[in-house]
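Before any comments, here is the structure.
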Amino acid sequence: MTRSNAAPRVRWWFAIVFIALVLWTTATASGRTVRYHVFSALRIARPEAVSVNVPAFSGPTGSRRLQDAIAGMLAAKVNITRESTDTSAADGAAAARLAGFTPALPTVRTDRATFAVQTSRAMTLTVSRAQLQTIMTEAGQTGVDVPASLDGALLTITTPAAVTVRYGHCPTLEGQTLTNQIAQRPPPDVQIADCVILEQRPVVAVQAPSSLDMARLTGIALEVAGMSPNQAADFQRVLPWQAALALTMPRFMRAYDTTSVNGAPAMLINTAGRRGPTYELLWTAGGRAYALTGYGNSADAVGIAASIRAINNAAGQR
């Protein structure tokens, strides 16, 4: 047999063998089993999302407070020693008396404002080292060794009162707290583009063991709230954890940008939920955490925030 005649015959034999294998792996039970195992071995496993058991963020009515998420990481039971309530205030002076500080107001808004006060809140808990170590492992931070001294340690978080100022045609509360409405509920209609809501409060006070890394826990809570690790890192560069714990995270975050308000680092979050707020601007100044939520153009947010000034009580009674 010459070389020229042998080559075509070899190719035909390979083709016949290949066809036979295809028929065997599709037409017979044993062949299908072999095919399944071969492709299973080649398949890349789907990455699993971090599943951190934080009850505060679960369900459609979860509070989405970062401090509640952190409390859920540290202990199975949290003792709320003082719960916050939403109270309407007749004017800026009344809000200042209830909150214990005079609110700053955006001077670019000359329309009538309505005021509400969210009273102070306090919680205590006993740290469970085993639970915290499990949370760290589930969050992918396997190299973190939780000190044994943390087991049984007491943590206290005190959140000062907040003043909320509303301008424009904002959605009605309908029995829910203002904080929950901003974070979760869609407004009933779209005729609210002039609505702006400014919430401000002093940063939280925390009594915690020095070995408890609150900044790290805040980063995990931000990821549980829906941020990527890069987004959470950017967030923490803008807001210290003491300010972040005073915040309720928006439910929908499509994009964000880092910016500044009167020289202070800020984060502009494009929330853009269905019929919901279109943006939320977060920053700190003078020991206070600010959250400016709007239903209009997010390009207006920094300008409104930059106009915020401390205004005396008489001016605040608009």
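The values are calculated or read from the model by the stated rules, or taken from the named source; none is laboratory data. Worth saying up front: this structure is predicted, and the values here are computed from it rather than measured. No Cβ is skipped: glycine too gets one built from the backbone with ideal geometry, and neighbour counts run over all protein chains shown.
One line per residue, one yes/no per condition, for (1) more than 29 Å from the chain's Cα centre (by Cα); (2) at pLDDT below 50; (3) closer than 30 Å to residue 219 by Cα; (4) surrounded by fewer than 19 Cβ atoms within 10 Å (Cβ to Cβ):
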residue: 40; (1), (2), (3), (4): yes, yes, no, yes
residue: 56; (1), (2), (3), (4): no, no, yes, no
residue: 59; (1), (2), (3), (4): no, yes, yes, yes
residue: 65; (1), (2), (3), (4): no, no, yes, no
residue: 95; (1), (2), (3), (4): no, no, no, no
residue: 112; (1), (2), (3), (4): yes, no, no, yes
residue: 115; (1), (2), (3), (4): no, no, no, no
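Looking at the range 79-159, what strands (runs of 3 or more DSSP E) fall wholly within it and have at least 2 residues that are outside the structural domain of residue 201 (by TED's automatic domain parsing), of a type in the set (Lys, Arg) and closer than 30 Å to residue 210 by Cα?
none
Is there any pair with a first residue in the range 261-288 that is modelled with pLDDT of 90 or more and a second that is part of a strand (DSSP E or B) and among the basic types (Lys, Arg) whose Cβ atoms are under 7 Å apart and which are 6 or more apart or on different chains, and what are they?
288/201
Can you name the residue in the range 289-304 that is among the small types (Gly, Ala, Ser) and without any contact (Cβ under 8 Å) to a residue 40 or more places away in the chain and, of all such residues, is nearest to residue 118 (Cα to Cα)?
Checked the range 289-304; the qualifying residue nearest to residue 118 (Cα to Cα) is 301.
Quick check on my filter: what residues within the range 208-247 are assigned to a loop (DSSP other than H, G, I, E, B) and of a type in the set (Asp, Glu)?
Result: 213, single match.
Can you tell which of 263, 296, 303, 226 is over 18 Å from the mean Cα position of the chain (by Cα) and on the phi > 0 side of the Ramachandran plot?
That would be 263, the only listed residue that is over 18 Å from the mean Cα position of the chain (by Cα) and on the phi > 0 side of the Ramachandran plot.
When the residues of the range 196-241 are filtered to those that are of a type in the set (S, T, N, Q) and surrounded by 19 or more Cβ atoms within 10 Å (Cβ to Cβ), which remaining residue is nearest to residue 293 (Cα to Cα)?
Taking the candidates together, the pick is 200.
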